[in-house]
Amino acid sequence: MLDIIKHYKFWFTVSGIILLLGIVSLSVFHLRLGIDFRGGASIQISAQTRPDTTKINQVLSKENIGNFVIQQTGSNGVIIETAPISQTQHDQIISDLKASVGNFTEDSYTSIGPTIGSQLKSQAIYQLLLVSLGIILYIAYAFRKVTKPITSWKFGWAAIIALLHDLFVVIGIFSILGHFFGVEIDSMFVTAILTVLGFSVHDTIVVFDRIRENLRVESGKSIEDIVNHSINQTLVRSLNTSLTVLFVLFSMLLFGGVTIRYFVLALFIGIISGTYSSIFIASPLLVIWQKWQDRKLKRA
Amino acid sequence: MRRNIRLYLTLVFILLLAAFAVYVDLPQGSKISLKWMKIPYENTLQTHLGLDLKGGAYLEYQADLSNIAQNKRPEAMQSASSAIERRIYNDGVQEPLVQTSGNDKIIVELPGITDISQAIKVIGQTPFLEFRTQGDTSQPQQATVDASGKITLSPYSGWDTTGLTGQQLSGATVQFDQSGNPQILLQFNSDGTKLFSQITEANIGKPVAIFLDGSVLSEPTVQTAITDGQAVITGQFTIQEAKDLVTNLNSGALPVPIKLISNQTVGATLGQDSVQKSIVAGIIGLLLIALFMLIYYRLPGVLAIFALAIYALLSFAVFKIGLSVTAVILVGLFFFLAIASNWVFGIFAFVSYFGIMFLGGLNPVTLTLAGIAGFILSIGMAVDANILIFERTKEELRSGKEVYHAVEDGFKRAWPSIRDSNISSLITTVILYSFGTPSIKSFAITLGVGIIISLFTAITVTKTFLQMFVGHNVLTHPWLFGVRRKKHSEPLTSGENK
């Protein structure tokens, strides 16, 4: 039997380091926002052979559109990102580009005004709060019958801390990816985060459910032993479930389209973190908290 | 014995359901008709792909409501969106979708339109309708030269503006005179009525021209002063011309200025590419899961793969047939009752779903790229319930129980965690659905439906399959369940009801 509770300091340190790196990156580099949050336009074009990016650069420099980014995509495509542009500007750019690099097809064109971007941003935060609230309430309800020795709201808080852990791991890693690899945060990323939160709690609940059951069945034993035993009983299930989800995500990462690559990556990182946190963070927290409270009671 | 009959019935039901799902899932539109039962229901089911997969334009407009009274705003939004809808229909776009969103947004979806400039022109150019009176006809057109040397000709030479425009028009309708010739009836609002009565009074015997986007639409001659705010345009119209004119006049009266705030256009090739890649990714993901389940869980693994296949078929069938809020609530409720109290409720779940379907109350799920991702993700999550059950069953086997009871108890004890853990994911999907963009909504629906159906398949399909094998006293060796035990399993006692 793995003794996870005994080595909790090690696991907390591992998480602490990852979180610290993420938070430092967040406060220094911030997040690189995609066009749906900051407003802007994105044009994806492709031709038999990839349109010449240097020529595109020359054409765009002459247009009066401010900063722009040119990226290669797929085997023969190019993505151009600019500040918000008008329809006339867009038509002008396309005809100028065609004159310079030859004929191509415009695969997609997205333009998002700055107001809608800030609305999406506040909506994302709103959703995040709602999901967290919904989950806290649900856990408090699901574990309402557990009273001794660990109260139901302690389960709730431990699950929330594990949830925050996963949230910051994913956001932190994406902040680092954003700074070094230009990975952008869009509304799909927010969706991924919310899905990860659901999954993280999903995983935590299975472990907690076992603890809940064992608290009843093995009432004589110490809390450490009960929690540790519960983790070991659910370990295989936790790993297997995450593995099957990771299998499909891995397959989507490799064979799915470029469009949802970072969405899938966020899910991938989040689900690993979610599985890890329910075993190595949420459960030890319960024990530490309970023991700390017992000591306080004894002293009083 | 009763146990066996129920088991067989469930198995037959599952197989029938799977066969039905296969039929629905067939790529060429599957037709469902109840005409032979004298029920007027006929429907050809098709997969509905989002704009990002089949190509098309998505436009989002914001209306400027600052000049509209608070209580009139919803009405103004509604009439603005119907004005846009009329414009698009006139332009002959297939299956357009125009809807209001939030307080001041209008969303326009134009499948198949990839020339976005064209689409924007059709909608964005709010036609400008105005009434002009005859000015000094001897005046020639005036040309002005501005600082940059650009020459502008004064438009509408010979006609003076009156300040009466489409803004003051409350509606136009086609009517017929005594001899059956079509006429157009204009109705002004209160401001328009006042203005129109002044104009007509001052122009008796002279023509008043109606301009649409700068060209003369009609030039009726004023007979008498009109004070009731109604004007009739007579002329040599065909019925079609009159109808078109009325449509133009009505759509000219866009009640609020609108501004394009975001647009997204995807070409058909990019969409097809995404569909193909998603299918490949989904199949490979499924194969990886199947392989894993087979190696790790052996016999139950094989059964879980079948359950998973049925799960995928059912989910896809539901996406094609459709959903509605009522259906989700009713089916969900009966389903949970079936598990919590009596399996008979399960029948109600199916009856209510098909009932709503035959009443035509279901809307097909539009699959976007994110929606397909949600579906593929739900396949991975669907395995979870199976794994929980198997792990519990293995534990029961290790504790020395014989296989039938181990399966029963495994299911019973796994249920609370399956229920609790999936509800947290369902909470997330509900919130995502309530606030998301269309793409995110699609993700939330496919994931949510996937979770609910996965609960059904794990609890009904996997369990029935497992008990079928156990009930026949075959394949009950613990090795098949991936459990090593020193003592050989005891022979099964039959006829034991729980």
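Rule-based calculations on the coordinates, nothing more; no lab input. All figures in this text were calculated on a predicted structure; none of them were measured in a lab. Cβ coordinates were reconstructed from backbone atoms using ideal geometry, including for glycine residues, and neighbour counts include every protein chain displayed.
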Exercise for review: Please give the residues of region B:294-331, grouped as numeric ranges, whose backbone N is less than 14 Å from a label point set 7 Å along the Cα-to-Cβ vector of B:VAL351.
Suggested key: B:331
Review point. Helix A:187-217 versus the longest principal axis of chain A: what is the Cα-based angle in degrees, 0 to 90, to the nearest 10?
Key: 10
Study note, to complete from the structure: Summing -39500 (n - 2.57) over every DSSP H run of at least 4 in chain A, dividing by its residue total and rounding to the nearest 500, the 222 nm mean residue ellipticity is -24000 deg cm²/dmol
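Note the full-extension length gain between B:TRP343 and B:ASN363 as 0.36 nm times their separation in residues minus their Cα-Cα distance, in nm to one decimal. Write down the numbers at each step before the final one.
Working: separation 20, 0.36 × 20 = 7.20 nm, distance 2.79 nm.
That works out to 4.4 nm of additional length.
Highest first, please rank the peptides B:321-331, A:14-24, B:44-54 by the mean number of other Cβ atoms sitting within 10 Å of their residues.
Numbers: B:321-331: 17.2, A:14-24: 14.5, B:44-54: 19.5.
Top to bottom by mean Cβ count within 10 Å: B:44-54, B:321-331, A:14-24.
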Point to revise | Within region A:270-288, backbone nitrogen closer than 20 Å to the virtual label 7 Å beyond the Cα of A:LYS9 toward Cβ | key: A:280-288
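What pairs from A:LYS154/A:LYS291; B:LYS35/B:LYS441; A:LYS145/A:LYS291; B:LYS54/B:LYS243 go past 23 Å between their alpha carbons? Don't skip to the end; give the middle numbers.
Values: A:LYS154/A:LYS291 12 Å; B:LYS35/B:LYS441 34 Å; A:LYS145/A:LYS291 21 Å; B:LYS54/B:LYS243 33 Å.
Correct reply: B:LYS35/B:LYS441; B:LYS54/B:LYS243.
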**Study point:** Cα centroid separation - region A:199-227 against region B:1-80, whole Å
**Key:** 42
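For B:ARG73 and B:LYS31 in one chain, what is 0.36 nm times their gap in residues minus the Cα-Cα distance, to one decimal in nm?
On the way: separation 42, 0.36 × 42 = 15.12 nm, distance 4.25 nm.
Roughly 10.9 nm would be gained on extension.
For the pair B:ILE5 and A:TRP289, what calculated FRET efficiency results from E = 1/(1 + (r/R0)^6), where r is the Cβ-Cβ distance and R0 = 60 Å, to the nearest 0.05? Each step should come with its number before you reach the end.
Details: r = 52 Å, r/R0 = 0.87.
My answer for the efficiency is 0.70.
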Study note, to complete from the structure: Beyond 23 Å, the calculated P(r) of region A:110-198 holds a percent of Cα-Cα pairs equal to 38
Point to revise | Order of A:HIS202, A:HIS179 under a 10 Å beta carbon neighbour criterion, fewest first | key: A:HIS179, A:HIS202
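Can you tell me the FRET efficiency between A:GLN123 and B:SER399 if r is taken as the Cβ-Cβ distance and R0 is 45 Å, rounded to the nearest 0.05? Spell out each step's value before the answer.
On the way: r = 50 Å, r/R0 = 1.12.
E between A:GLN123 and B:SER399, to the nearest 0.05, is 0.35.
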Study note, to complete from the structure: In nanometres, the difference between 0.36 nm per residue of separation and the alpha-carbon distance of B:GLN240 and B:PHE336 is 28.9 nm
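Nearest 0.05, what FRET efficiency do A:TYR141 and A:LEU235 give at R0 = 41 Å with Cβ-Cβ as r? Display every interim value, and only then the final one.
Numbers: r = 26 Å, r/R0 = 0.64.
Using R0 = 41 Å, I get an efficiency of 0.95.
Loop by DSSP (not H, G, I, E, B), at most 13 other beta-carbon atoms within 10 Å: where is the longest site-free stretch of chain A for trypsin sites (Lys or Arg not before Pro)? Don't jump to the answer; show the numbers that get you there.
Working: sites that count: A:LYS6, A:ARG144, A:LYS145.
Result, exposed sites excluded: A:146-300.
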Check your understanding: If each of B:PHE20 and A:LEU21 carries a label point 7 Å out from its Cα toward its Cβ, how far apart are those two points in nm?
Key -> 5.2
Point to revise | Within region B:174-192: backbone nitrogen closer than 16 Å to the B:ARG86 label point (7 Å, Cα to C-beta) | key: B:174-175, B:183-189
Review point. So how far apart, in nm, are the two label points at B:ILE39 and B:ALA268 if each is 7 Å from Cα heading toward Cβ?
Key: 3.7
**Study point:** Local net charge near B:LYS31, Cβ-Cβ under 14 Å (Lys/Arg +1, Asp/Glu -1)
**Key:** 0
